[in-house]
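Report on the following structure.
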Amino acid sequence: MIEIVIGTLLGVLLGTLSGLIPGVHANTLAGVLLGAQAALLAVLGPLALAGAMFAALITHTFVEAVPSTFLGVPDADTSLSVLPAHALCLEGNGEEAVRIAALGSACAIIIAVPLSVLCFLFLPALQPYFDWGIGILIVAVIGSMIVMSESPGWALAIFAVAGLLGIFTLRYEFLGWHTLGGEAAILMPLLTGLFGISVLLVASQGALPVQQFRGLRVENTTVAKCSLLGTLAGIAVGWLPGLSTATANGALASVIGYEKDRRAYILATSAANTANAFIGLAALFALSRMRNGVMVALAELPLPSMSELTIIGVLAACIAYVVTVGLSRSAGWLTGINGRMLNRAVIIFVVGLCILLTGPFGIVILVLATVVGIVPHLINVSRVYCMGAIMVPVIMYSFGIAWV
């Protein structure tokens, strides 16, 4: 019992730190902890160490809404949801946006935990059929999005160019530095350029409006529907190989327009992000497949039972919800801050972090991604098609097409 408590509290602390620092993911922390596993196992024990890694992942899915909303800098899992969240912040509703994200993640816990158990019990036998159909499913989703676009030609062009950039990035990721040991670090400049800096460069330059919390302006039916939809999307991409939460965000955009109903989209994507973390644990135990860096790290440890880690994850989620709501109140500090100065400060920080984590190659990717990310604004096309940077490599992987 004491190991569960220690693992939960340590994981919440680490997950809060990683969630608040743009560009740093729980995967990165898991890699650092794994590097020191010999000493940590002796001090903490296997259950507390594994629990801390998983609790950090769950906590990160909650807390990462804070920098995404207030600074407009996306994490690999929040690339699209940052757009409506930051837009609400620019309207003075930053605290509401963070609280909605926390609510979506909390609702996902209620749905995702029992669904993860069901997936663990019944889906392994059907896995060969799932593996075969992934590429077809993604092509169908993105095809419908492009066809229904107001400008299908431009949508296809942006999707294709972003896809080529994604392939180039992943093909030559070995050229980037791996300062903290994570190969997925190269996604940081890619997604930050497409959905972060490109947005900040064209954002409003005036003073930020007064940040006031006027309650959650979202209907209970919307909360239930979008939380369920997001959780199912997160479960799907977390179980199927080659997919990620970013893929779920793109799919959800075809159902819930992030420009039409910002709050609903934030709910759904936050639920998908947290649900993805839980189903990743089930996939590790059921299929021995590792869906993210934390699962890779866990596989290298003496694994506790799935039930013990699930309990730690649920406890961490409860604490993380309280922490995230508390952090949302910091929105008032932004009132009156010069938007231009804040955007410049964020851009400088992100560029510096990019240099630290990925080196010169990361800067090249950041510049190219920023250029591609500005195009949708110039031609008035949805930025969702920039998700080709993730979806095209996944499609190629699903069809067995290698670019190496």
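Gain in length, residue 260 to residue 178, computed as 0.36 nm per residue apart minus the alpha-carbon separation, to one decimal in nm? Display every interim value, and only then the final one.
Numbers: separation 82, 0.36 × 82 = 29.52 nm, distance 3.88 nm.
Between residue 260 and residue 178, full extension yields 25.6 nm more.
Which net charge results when you count Lys and Arg as +1 and Asp and Glu as -1 among the other residues whose beta-carbon is under 14 Å from that of residue 301?
-3
Rounded to the nearest 0.05, what FRET efficiency do residue 5 and residue 401 have when you use their Cβ-Cβ distance and R0 = 41 Å?
So the FRET efficiency works out to roughly 0.30.
Contour minus end-to-end for residue 147 and residue 110, with contour as 0.36 nm per residue of separation and end-to-end as the Cα-Cα distance?
9.8 nm
Net charge within 10 Å of residue 89 by Cβ-Cβ distance, Lys/Arg positive one each and Asp/Glu negative one each, not counting residue 89 itself?
Summing Lys and Arg as +1 and Asp and Glu as -1 gives -3.
Test of understanding: express the Cα radius of gyration of segment 101-153 as a ratio to 2.2 N^0.38 Å, with N the residue count. Show your work: numbers first, answer last.
Numbers: Rg = 16.6 Å, N = 53, 2.2 N^0.38 = 9.9 Å.
Against the empirical 2.2 N^0.38 Å value, I get 1.67 for segment 101-153.
Set the Förster distance to 22 Å, then compute FRET efficiency between residue 171 and residue 356 from the Cβ-Cβ distance, nearest 0.05.
0.45
Ordering 398, 288 by accessible area with a probe of 1.4 Å, largest first, what comes out?
Listed by decreasing accessible area, they come as 288, 398.
Taking the Cα-to-Cβ direction at residue 91 and at residue 125 and moving 7 Å from each Cα, how far apart do the two end points lie in nm?
Label-label distance for residue 91 and residue 125, simple model: 4.9 nm.
The values are calculated or read from the model by the stated rules, or taken from the named source; none is laboratory data. The structure displayed is predicted, hence computed values, not measured ones. Positions of Cβ are generated from backbone atoms using ideal geometry, with glycine treated the same way; all protein chains shown enter the neighbour counts. These accessible areas exclude ligands, DNA and RNA; they are computed on the full protein's heavy atoms, side chains included. Shrake-Rupley method; radii C 1.70, N 1.55, O 1.52, S 1.80 Å.
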